[in-house]
Ligand SMILES: Cc1cc2nc3c(=O)[nH]c(=O)nc-3n(C[C@H](O)[C@H](O)[C@H](O)COP(=O)(O)OP(=O)(O)OC[C@H]3O[C@@H](n4cnc5c(N)ncnc54)[C@H](O)[C@@H]3O)c2cc1C
Ligand SMILES: Nc1ncnc2c1ncn2[C@@H]1O[C@H](COP(=O)(O)O)[C@@H](O)[C@H]1O
């Protein structure tokens, strides 16, 4: 049995980080780097204790990596869990160096077995789960599913002074290009990939989108290389991250960079003429067939 | 600012096949540079300006990758093994960075696969870091980076020394041709060993098993398009998403 720390810089997944850290069998202490409201939300999400480092207006959480690392290292936990965000990782990297910990991306599950810490982690874009173990401390970036808040109790919050923040300043924040694009709010998105042969054939896909009341999306090459659809509509790692109720990928291979943009979708459907296309490994439903036959058939079936 | 661009030359994880028993088959994997490395190099060039830009790679791969892209000198720690622990990999890179005199900025690809390497590197150097960077420049003696954060774009400025981890937005577009490859062969590569940089090579992690994830495969309909479409519509109505 061993206690563990979690590093919190945003409200997302706090309960899941806590649950993962609970795997070590002991208490969970959260360090929150951000505004008071984030500390309050964290306290309600399940950890036993919250240490709060207040950030000043123009400093990003990364500026507090030094003080956070010193605080956690002084407690010498066997495990630290952070989100895989840019901010979470930078804080965790400093903590790892201070602790002399191994760093494990893709963490899903932690456990303590005697003097060993065992971590299950997603590898190869989630195609495989690897079990790794060590007798030393570990720092992992959580890659599992979200979880519901544990119980209803509220942890105590202790503010921790951090006056030696690094010289990092946020100079400007503005909405990214396409942040207000309709695709971001749409309940249904029909997205098209390089399976489409000609720009004019977009009409076929629009026909389906119309009966569904859906917005049109696309894969990166359709916007970037071909220029058939506006850039603000491409979905993926470097494009839009969307969370529609239904996402229909038409003639899209299902590359990991593309699928990263629809992690929040409730139901994903793939339409592809290659039965081995990657999309069928991550979608919920699929139709194997030529989009030029399947899309009109789907439109007809929806009209019934 | 004197800048080091860290790049890797390794098996392409996209080519790895996972067998039905959960073991991984690397036989068809081709060697490739990190997906984000070319974007990191662009940022590194912008930061270095007229000052020195040094390439740094570890492992027995092709160190000329950066030299073919306009970098004039490179350092390679040739006997660095592949390690599961990202902090151990970072420790080798950190030791090599310390061998290069007067470094202001280390720029490195923010690879998803090795998401711990850049941040552990910053930790080991004791330098501040920013990750998921899109582009970078220098003005008023500070490094200014732009990155996407959720639906926002942030401009952040940082005093050197600093580690900048860059994420590519797309695949590399201007791949060097024959002429650049040939020029690269004439440029110097300093070959170092783990012993020379004073780095260890133990992996603190041992891998005990690999298995397939418990994802439920897609329900796939095939055959007559009209019938398949009708089945899909029924299923989606059942899910309540139509
Ligand atoms: C750093 C980086 C970032 C990237 N970011 C993104 C990103 O944000 N978003 C993104 O989308 N991509 C991104 N990519 C590119 C990504 O890796 C893929 O190359 C891209 O998503 C492929 O697009 P596609 O599936 O439309 O095309 P293809 O890979 O060409 O696939 C076309 C698919 O259509 C199918 N098909 C062909 N004809 C038909 C037909 N008649 N009927 C039905 N199916 C058919 C084929 O079987 C194939 O599966 C990124 C890449 C890199 C390196
Ligand atoms: N960002 C990086 N920079 C340099 N080398 C790296 C980086 N990330 C991983 N490596 C090394 O690249 C190699 C990847 O090996 P593999 O992908 O297994 O063939 C290993 O030697 C890693 O330790």
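What tally of residues in the stretch A:164-197 results from selecting those that are within 16 Å of ligand 1 (Cβ to nearest atom) and more than 21 Å from the chain's Cα centre (by Cα)? It would help to see each step written out before you state the result.
If we filter the stretch A:164-197 for residues that are within 16 Å of ligand 1 (Cβ to nearest atom), which is where we start, we get A:176-179, A:181, A:183-184, A:189-197.
Retained after the next criterion (residues that are more than 21 Å from the chain's Cα centre (by Cα)): A:190, A:192-197.
Qualifying residue count, the stretch A:164-197: 7.
Condition test on residue B:105, is it crowded, with 21+ Cβ neighbours inside 10 Å, away from ligand 1 (no atom under 16 Å from the Cβ) and more than 30 Å from residue A:135 (Cβ to Cβ)? I'd like the intermediate steps shown before the answer.
Numbers: crowded, with 21+ Cβ neighbours inside 10 Å: yes; away from ligand 1 (no atom under 16 Å from the Cβ): yes; more than 30 Å from residue A:135 (Cβ to Cβ): yes.
The answer is yes for residue B:105.
Taking residue A:144, is it closer than 21 Å to residue B:90 by Cα and within 11 Å of chain B (Cβ to nearest Cβ)? Working first, answer last.
Working: closer than 21 Å to residue B:90 by Cα: no; within 11 Å of chain B (Cβ to nearest Cβ): yes.
Answer is no for this residue.
Restricted to the stretch A:252-288, and to residues that are in a loop (DSSP other than H, G, I, E, B) and at the interface with another protein chain (Cβ under 8 Å from one of its Cβ atoms), which residue is farthest from ligand 1 (Cβ to nearest atom)? Reasoning before the result, please.
Going through the stretch A:252-288, the residues in a loop (DSSP other than H, G, I, E, B) turn out to be A:252-255, A:263-266, A:273-278, A:283-284.
Keeping just the survivors that are at the interface with another protein chain (Cβ under 8 Å from one of its Cβ atoms) gives A:266, A:275, A:283-284.
Details: A:266: 20, A:275: 9, A:283: 12, A:284: 17 Å.
Per the criteria, the residue is A:266.
Conditions tested, residue by residue: (1) away from ligand 2 (no atom under 11 Å from the Cβ); (2) touching a residue at least 40 places away in the same chain (Cβ under 8 Å).
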| position | (1), (2) |
| --- | --- |
| B:103 | yes, yes |
| B:109 | no, yes |
| B:122 | yes, yes |
| B:141 | yes, no |
| B:146 | yes, no |
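Residue-by-condition table, conditions (1) closer than 17 Å to residue B:75 by Cα; (2) near ligand 2 (Cβ under 10 Å from one of its atoms):
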{"position": "B:4", "(1), (2)": "yes, no"}
{"position": "B:7", "(1), (2)": "yes, yes"}
{"position": "B:12", "(1), (2)": "no, yes"}
{"position": "B:15", "(1), (2)": "no, no"}
{"position": "B:20", "(1), (2)": "no, no"}
{"position": "B:27", "(1), (2)": "no, no"}
{"position": "B:32", "(1), (2)": "no, yes"}
{"position": "B:35", "(1), (2)": "no, no"}
{"position": "B:41", "(1), (2)": "yes, no"}
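Just to be sure I understand the filter: pairs with C-beta atoms under 9 Å, separated by 6 or more residues or on different chains, first member in the stretch A:188-204 and without any contact (Cβ under 8 Å) to a residue 12 or more places away in the chain, second member more than 8 Å from ligand 1 (Cβ to nearest atom) and not in a helix (DSSP H, G or I). Which pairs pass?
What qualifies is A:198/A:228.
Pairs, please: C-beta under 6 Å, at least 6 apart or cross-chain, first residue farther than 14 Å from residue A:126 by Cα and in the stretch B:9-24, second more than 10 Å from ligand 2 (Cβ to nearest atom) and in a loop (DSSP other than H, G, I, E, B)?
These pairs meet every condition: B:9/B:62; B:12/B:30.
Of the residues that sit in the stretch A:198-243 and are in a helix (DSSP H, G or I), under 28 Å from the mean Cα position of the chain (by Cα) and more than 12 Å from chain B (Cβ to nearest Cβ), which one is farthest from ligand 2 (Cβ to nearest atom)? Please lay out each step first, then the result.
Applying the first criterion (in a helix (DSSP H, G or I)) to the stretch A:198-243 yields A:199-212, A:220-224, A:231-233.
Still in the running and under 28 Å from the mean Cα position of the chain (by Cα): A:209, A:212, A:220-224, A:231-233.
Now narrow it down to the ones that are more than 12 Å from chain B (Cβ to nearest Cβ): A:209, A:222, A:233.
Values: A:209: 40, A:222: 30, A:233: 32 Å.
The extreme case among them is A:209.
Please find, within the stretch B:115-146, the residue that is nearest to the chain's Cα centre (by Cα) out of those that are within 16 Å of ligand 1 (Cβ to nearest atom) and at the interface with chain A (Cβ under 7 Å from one of its Cβ atoms).
The first filter runs over the stretch B:115-146 and keeps only residues within 16 Å of ligand 1 (Cβ to nearest atom), leaving B:115, B:118, B:131-135.
Filter once more, so that each one left must be at the interface with chain A (Cβ under 7 Å from one of its Cβ atoms): B:115, B:131-132.
Numbers: B:115: 8, B:131: 11, B:132: 11 Å.
My answer is B:115.
Of the residues A:239, A:227, only one is more than 17 Å from residue A:272 (Cβ to Cβ) and surrounded by fewer than 21 Cβ atoms within 10 Å (Cβ to Cβ); which? Don't jump to the end; show me each part of the working.
On the way: A:239 fails: surrounded by fewer than 21 Cβ atoms within 10 Å (Cβ to Cβ).
None of the other options fit; the residue is A:227.
Name the strands (runs of 3 or more DSSP E) wholly within the stretch A:58-138 that hold at least 3 residues that are more than 20 Å from residue B:115 (Cα to Cα)? Let's see the steps before the verdict.
Numbers: elements: A:79-83, A:102-113, A:116-123, A:128-134.
Where strands (runs of 3 or more DSSP E) fall fully within the stretch A:58-138 and carry at least 3 residues being more than 20 Å from residue B:115 (Cα to Cα), they are A:102-113.
Which residue pairs have Cβ atoms closer than 6 Å, lie 6 or more positions apart in sequence or on different chains, and pair a first residue in the stretch B:173-190 that is closer than 17 Å to residue B:57 by Cα with a second residue that is assigned to a helix (DSSP H, G or I)?
Within 6 Å, the pairs are B:184/B:64; B:184/B:67; B:187/B:67.
Being more than 16 Å from ligand 1 (Cβ to nearest atom) and within 14 Å of another protein chain (Cβ to nearest Cβ) is true for just one of B:76, B:23, B:64. Which residue is that? Working first, answer last.
Numbers: B:76 fails: within 14 Å of another protein chain (Cβ to nearest Cβ); B:64 fails: within 14 Å of another protein chain (Cβ to nearest Cβ).
Sole residue among the options that is more than 16 Å from ligand 1 (Cβ to nearest atom) and within 14 Å of another protein chain (Cβ to nearest Cβ): B:23.
So, of the residues in the stretch A:56-92 that are free of Cβ contacts under 8 Å to residues at least 60 places away in the same chain and within 13 Å of another protein chain (Cβ to nearest Cβ), which turns out to be farthest from residue B:157 (Cα to Cα)?
A:73
Could you check the stretch A:124-149 and list, in sequence order, the residues that are surrounded by 16 or more Cβ atoms within 10 Å (Cβ to Cβ) and within 19 Å of residue A:11 (Cα to Cα)?
Once the filter is applied, which keeps residues that are surrounded by 16 or more Cβ atoms within 10 Å (Cβ to Cβ) and within 19 Å of residue A:11 (Cα to Cα), the stretch A:124-149 yields A:140, A:141, A:142, A:143, A:144, A:147.
Out of curiosity, is residue B:85 within 11 Å of ligand 2 (Cβ to nearest atom), farther than 19 Å from residue B:137 by Cα and in contact with a helix residue (DSSP H, G or I) (Cβ under 6 Å, 6 or more places away or on another chain)?
Values: within 11 Å of ligand 2 (Cβ to nearest atom): yes; farther than 19 Å from residue B:137 by Cα: yes; in contact with a helix residue (DSSP H, G or I) (Cβ under 6 Å, 6 or more places away or on another chain): no.
Criteria not met by residue B:85.
Looking at B:63, B:44 in this structure, which one is modelled with pLDDT under 95, surrounded by 23 or more Cβ atoms within 10 Å (Cβ to Cβ) and within 17 Å of the chain's Cα centre (by Cα)? I'd like the intermediate steps shown before the answer.
On the way: B:44 fails: modelled with pLDDT under 95.
When all the criteria are applied, what remains is B:63.
The values are calculated or read from the model by the stated rules, or taken from the named source; none is laboratory data. Note that the coordinates shown come from a computational prediction; the quantities given were computed from them, not determined experimentally. Cβ atoms come from the backbone with ideal geometry, glycine included; neighbour counts cover every protein chain shown.
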